[in-house]
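First the structure, in the form of structure tokens, and then the observations on it.
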Amino acid sequence: MAKTANKQVICDVLLEAAKQDKDIVALCSDSRGSASFTSFADTYPEQFVEVGIAEQNLVSIAAGLARCGKKTYAVSPASFLSTRSYEQCKVDVAYSDTNVKLIGISGGVSYGALGMSHHSAQDIAAMSAIPNMRVYLPSDRHQTKKLVEALLKDEQGAYIRVGRNPVEDIYTEENCPFEMDRATVLAEGSDVLLVACGEMVKPAQEAAKLLQKDGISAALLDMFCVKPFDSETLLKYAETVKAVISVEEHAPTGGLGSMVAQAVAASCPKTVKCLSLPDAPVVTGTSQEVFDHYGLNAEGIIKTVKGLL
């Protein structure tokens with residue numbers, strides 16, 4: 001099965017779009033290599049800005065260019081973009097309503113052994129808390145392509161978090177249902193509802209298929225649009241099941257799980273279990289090793305489902 005890093009897809013889409021649209025500008029914070037944006041910088045040097053290791057300047061310069069009519073894409077490690085430049089994201093992008101797309105690369109625990117300083121396990125909560133800021137976590141290359149193409153057509157700020165490593169396909173080029181700000185339904189089910197985003201969609205999909213073999217019917221939502229949050233689709237499926245389980249590469253507070261629990265509790269109270277990273281510095285290892293350690297894999301999801309049912 002094909003594996004492609006979502007960050008590469010973002011660059012590819014912008015490279016193609018920049019052929020016709022000279023207002024597209026990419027900005028990096030000494031991160032063009034790790035962001036897979038070297039080809040963009042080499043192809044369109046007049047549409048590329050290197051600010052060095054200065055994430056606050058990165059966002060403010062992107063906002064200034066956007067105010068001048070440019071369509072700016074500020075690309076930086078998610079761990080720094082969502083914390084070091086948080087005030088600039090809040091004031092210069094969201095409050096000032098500038099057309100800046102904030103691309104958080106190497107999100108979650110992508111940096112593995114570099115530890116908590118380089119992990120972004122708080123970014124969903126932080127960025128979602130900002131009024132007028134949209135938050136997206138696409139799950140594979142096909143969805144990432146559809147999302148970036150859609151974002152090219154609007155003029156509102158957004159934060160997009162992608163991982164560092166190549167990820168398996170969930171969709172195909174021919175079959176990638178996509179509607180902006182609406183969750184994608186990957187499976188219908190009547191016993192349990194799984195809600196996942198980003199790199200957690202794949203293990204959730206695997207779990208749903210394995211549960212089916214055990215006679216457990218699991219519905220699955222790919223909640224790539226964390227904000228605006230598609231509570232309508234969530235509640236439609238939550239109403240018909242016995243329990244709801246969210247799965248995310250994020251701290252347990254303020255992320256996808258908190259949003260799912262809040263929406264379900266308000267409208268159709270059901271048992272909700274939130275699978276996430278712990279409220280602690282995570283163990284050292286590759287992304288997969290970390291996921292396996294905390295049960296953020298198909299086996300862990302299945303164990304949780306069976307424990308609830």
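Remark on the stretch 3-168: Rg and Dmax equal 14.1, 41 Å (Cα only). Looking at this model, which pairs from K22/K146; K145/K227; K22/K227 are more than 26 angstrom apart at the alpha-carbon? From the list (K22/K146; K145/K227; K22/K227), the Cα-Cα distance tops 26 Å for K22/K227.
The C-alpha atoms of the chain define a longest principal axis, and helix 201-213 lies at about 20 degrees to it.
Note on the chain: helix-only mean residue ellipticity at 222 nm, from DSSP H runs of 4+ residues weighted -39500 (n - 2.57) and normalised by residue number, equals -9500 deg cm²/dmol. Computed from backbone phi with θ = phi - 60° and the Karplus coefficients 6.51, -1.76 and 1.60, the 3J(HN,Hα) list for the stretch 225-232 is 9, 6, 8, x, 8, 7, 5, 4 Hz; x is used for glycine and proline. DSSP bridge analysis restricted to the chain gives an antiparallel fraction near 20%, rounded to the nearest 5.
What aspartates and glutamates does K270 reach when the alpha-carbon gap must be under 14 Å and sequence neighbours fewer than 8 apart in one chain are set aside? K270 reaches D191, E239. Taking label positions 7 Å along the Cα-Cβ direction at both T240 and H293, the computed distance is 3.9 nm, reported to one decimal. Less than 5 angstrom separates the built amide H of G285 from those of A113, all sequence-distant by 5 or more or on a different chain.
Computed 3J(HN,Hα) for the stretch 256-265, one whole-Hz value per residue from the Karplus formula 6.51 cos²θ - 1.76 cosθ + 1.60 where θ = phi - 60°, is 4, x, 4, 5, 4, 4, 5, 5, 5, 4, glycine and proline marked x.
For the chain, the ratio of Cα radius of gyration to the globular rule of thumb 2.2 N^0.38 Å stands at 0.96.
Taking 0.36 nm per residue of separation and subtracting the current Cα-Cα distance, fully stretching the chain between T83 and E206 would add 41.0 nm.
Treating r as the C-beta distance of M116 and A54 and R0 as 30 Å, the FRET efficiency rounds to 0.85. In angstrom, the C-alpha Rg and Dmax of the stretch 184-308 are 13.4, 39.
For A187, the residues whose amide H sits under 5 Å from its own are L220, ignoring neighbours fewer than 5 places away on the same chain, with H placed 1.01 Å from N.
Since every read-out is calculated from the coordinates, none of them should be taken as a lab result. Owing to the predicted nature of the structure, the values given are computational and were not obtained by experimental measurement. Quick reminder, even Gly has a Cβ in these numbers, built from the backbone with ideal geometry, and neighbours come from all protein chains shown.
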